[in-house]
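What follows is a short report on a single structure.
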Amino acid sequence: MAKGGIIAALDVGTTKVCSILASLTDNNRMQILGVGVAPSRGMSKGLVVNLDETRESIRESVRQAELVSGARMVSAYVGVTGKHVSSINNRGVVAISRGDRLVRSSDLERVLESARSVTIPGDRKVLHVIPRQYILDGHPGIKDPVGMHGFKLDVETHVVTAAMASVRNLVKCVDEAGLEVADLVLEPLAASEAVLDPDEKEAGVILCDIGGGTTDVAVFRGGSIWYTSVLPIGGYQVTRDIAIGLGIPFDTAEEIKKRYGNVAPSEMAGQDFGTDSLELKTDNGYVIASRDLSYIIKARIEETLRMILAGLPPAGEYGVIAPSGLVLIGGTANLPGIEAFAQEVSGLGARVGIPQDIYGLTEALYNPAYATGVGLLLWATKRQVAGYAESQAKKGNVFTRFFTEVGRLFGQG
Ligand SMILES: Nc1ncnc2c1ncn2[C@@H]1O[C@H](COP(=O)(O)OP(=O)(O)OP(=O)(O)O)[C@@H](O)[C@H]1O
Ligand SMILES: [Mg+2]
């Protein structure tokens with residue numbers, strides 16, 4: 001938890017490790033003090049595959065953030081993702097048997113406890129049990145039933161689970177890097193705090209984090225999380241396609257992707273480079289046709305977008321479940337033309353999600369790649385303001401707490 005008003009976020013991605021330090025002002029506004037970004041080593045598809053390398057990458061990013069801010073990073077809110085994360089929707093029900101039939105917070109705890117009794121394999125643990133809506137005596141759509149009267153309280157929840165071993169490895173790296181884990185948060189949940197409007201979450205929106213090694217998908221409806229999944233593809237595959245397709249080294253492909261890459265839709269193609277294909281020169285002397293580069297990137301991004309949409313339940317109904325369309329984040333969302341291209345492929349509205357409402361040393365953070373890091377801080381701020389962390393801190397160590405507590409702030413809109 002925050003020490004002396006300082007809060008910190010740690011986003012251990014497949015390509016970068018990002019540490020952000022912030023302070024909470026008296027009016028509970030978050031002021032960014034410093035950002036540290038280090039290349040990520042030892043991670044693959046959102047998972048730790050080399051403990052020593054990941055620990056050193058974390059150390060380096062923390063060192064940078066501390067240097068810039070002049071503050072110490074003691075503990076941090078840490079993002080969790082990877083293909084080992086999965087989710088289901090579940091229900092719980094309890095009777096309100098007291099004479100006054102008044103719903104109390106203890107009833108909320110009971111009904112959420114009953115919703116978490118899902119059968120899950122022994123090597124998996126529940127990360128979050130997020131209330132989507134409460135139903136009191138058959139009346140649905142209730143966000144907070146405390147203080148209402150009724151006989152029977154149902155809850156619909158979104159239950160997120162993760163492979164125990166994967167989370168333990170991440171916690172171990174953070175621990176060995178000298179940081180306390182204030183809490184662990186599913187990354188798209190965190191990012192949603194930074195880039196989604198309450199109206200979009202209410203109507204239905206698909207948040208897509210196209211990072212380096214993973215694409216995290218989360219659908220929000222009725223003000224809370226409704227569906228999550230993680231695809232083991234991202235910008236790495238785009239770069240690999242360029243390297244193989246054009247016969248150039250991976251690093252050169254990465255450089256040329258970031259410098260010249262775009263996914264301008266068909267009718268816009270040529271706006272940047274003229275109708276004829278241009279010759280693009282890399283720093284180490286390769287010459288590439290702009291048309292070929294664009295063609296390769298578009299093919300992979302189109303496939304990624306189609307995989308995102310195909311995975312959403314119920315199949316083919318994504319226009320109905322998400323009228324607010326797609327919000328794209330992650331480093332790959334920097335590709336010029338991606339909003340229009342995503343609209344063309346999905347038939348839905350699409351925009352790039354850039355973190356908003358941040359103050360202080362924020363320049364580097366106005367980028368979709370930092371939605372998760374900023375979101376972790378906002379998530380922490382929300383919690384701290386609610387005074388929730390203090391009460392939880394008394395209940396045991398963070399690892400146990402993470403796996404046992406109810407993610408009750410989510411779902412409140
Ligand atoms: N300007 C750009 N144009 C195209 N791609 C870019 C650009 N900037 C970054 N990327 C790509 O974004 C990817 C990294 O995104 P991000 O920083 O969100 O990933 P990460 O959080 O490290 O990984 P993950 O979330 O998948 O574990 C890389 O593949 C990188 O090539
Ligand atoms: Mg990421």
Alpha carbon centroid spacing (whole Å) that separates region 141-215 from region 288-313: 28 Å
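Please give the net charge around D154, taking every other residue with its beta carbon less than 13 angstrom from that of D154, where Lys and Arg add +1 and Asp and Glu add -1. Working shown, then result.
Values: positive: R91, R110, R132, K152; negative: D107, D137, E156.
Taking every Cβ under 13 Å from that of D154, the sum is +1.
How large is the dipole of the chain about the Cα centre if only Lys and Arg carry +1 and Asp and Glu carry -1, each at its Cβ, rounded to the nearest 20 debye? If you can, show how the numbers build up before the last one.
Values: 41 positive and 47 negative charges, 257 e Å.
In total the dipole reaches around 1240 debye.
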Approximate spin-label separation M164-I244, in nm, with each point projected 7 Å along Cα-to-Cβ: 3.7 nm
Cα long-axis angle, helix 164-176 against the chain (0 to 90 degrees, to the nearest 10): 80 degrees
Gyration tensor (alpha-carbon) shape descriptor, region 1-90, a/c threshold 1.5: oblate
Where N is the number of residues in region 1-160, Cα Rg divided by 2.2 N^0.38 Å: 1.39
The chain: angle of helix 290-311 to the longest principal axis, Cα-based, in degrees nearest 10: 20 degrees
The chain: relative contact order in percent, alpha carbon pairs under 8 Å with at least 6 residues between: 19 percent
Highest-fluctuation residue, F341, F220, F151 considered, GNM on the chain with Cα pairs under 10 Å: F151
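Among DSSP beta bridges lying fully in the chain, give the percent that are antiparallel, nearest 5. All intermediate terms of the calculation are to be shown ahead of the outcome.
On the way: 59 of 76 bridges.
The antiparallel fraction comes to roughly 80 percent.
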Amide hydrogen neighbours beyond the local backbone of I135, cut-off 5 Å, H modeled: D154, V155, E156
Over 28 Å between alpha carbons, listed pairs K45/K281; K16/K298; K16/K125; K125/K298; K45/K125; K201/K257: K45/K281; K125/K298; K201/K257
C-alpha center-to-center spacing [region 22-54, region 339-360] in angstrom: 23 Å
Value of relative contact order over region 86-163, rounded to a whole percent, pairs C-alpha under 8 Å and six or more apart: 46 percent
Top of K298, K16, K258 by mean-square fluctuation, Gaussian network on the chain, Cα under 10 Å: K258
Whole-number Å³ per residue for the convex hull built on Cα positions in the chain: 145 Å³
Rounded to 10°, Cα long-axis angle of helix 235-246 versus longest principal axis of the chain: 20 degrees
Per-residue [θ]222 nm for the chain (sum of -39500 (n - 2.57) over DSSP H runs n ≥ 4, rounded to 500): -10500 deg cm²/dmol
Rounded, prolate or oblate (a/c below 1.5 giving rounded, otherwise prolate when a/b exceeds b/c) for region 86-163 by Cα gyration tensor: prolate
Summed side-chain charge close to H84 - residues other than H84 whose Cβ falls under 14 Å, Lys, Arg +1, Asp, Glu -1: +2
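Determine the dipole magnitude for region 109-250: charges of +1 sit on the beta-carbon of Lys and Arg, -1 on that of Asp and Glu, nothing else is charged, the reference point is the Cα centre, and the result goes in debye to the nearest 20. Can you show the working numbers first?
Values: 12 positive and 20 negative charges, 94 e Å.
Here the size comes out at about 460 debye.
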Selected from F250, G337, P323, residue furthest toward positive end of dipole (region 229-352; charges at beta carbon): P323
Kirkwood Rh (inverse of mean 1/r, distinct Cα pairs), region 181-230, angstrom: 11.2 Å
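In the neighborhood of G325, defined by Cβ-to-Cβ distances under 11 Å, what is the net charge if each Lys or Arg adds +1 and each Asp or Glu adds -1? Write down the numbers at each step before the final one.
Numbers: positive: R351; negative: E200, E339.
That works out to -1.
Laboratory data are not the source of any read-out in this text; all were calculated from the coordinates shown. For clarity, every value in this text was computed on a predicted model and none was experimentally measured. Note that each Cβ is placed from the backbone with ideal geometry, even for glycine, and that neighbours are counted across all protein chains shown.
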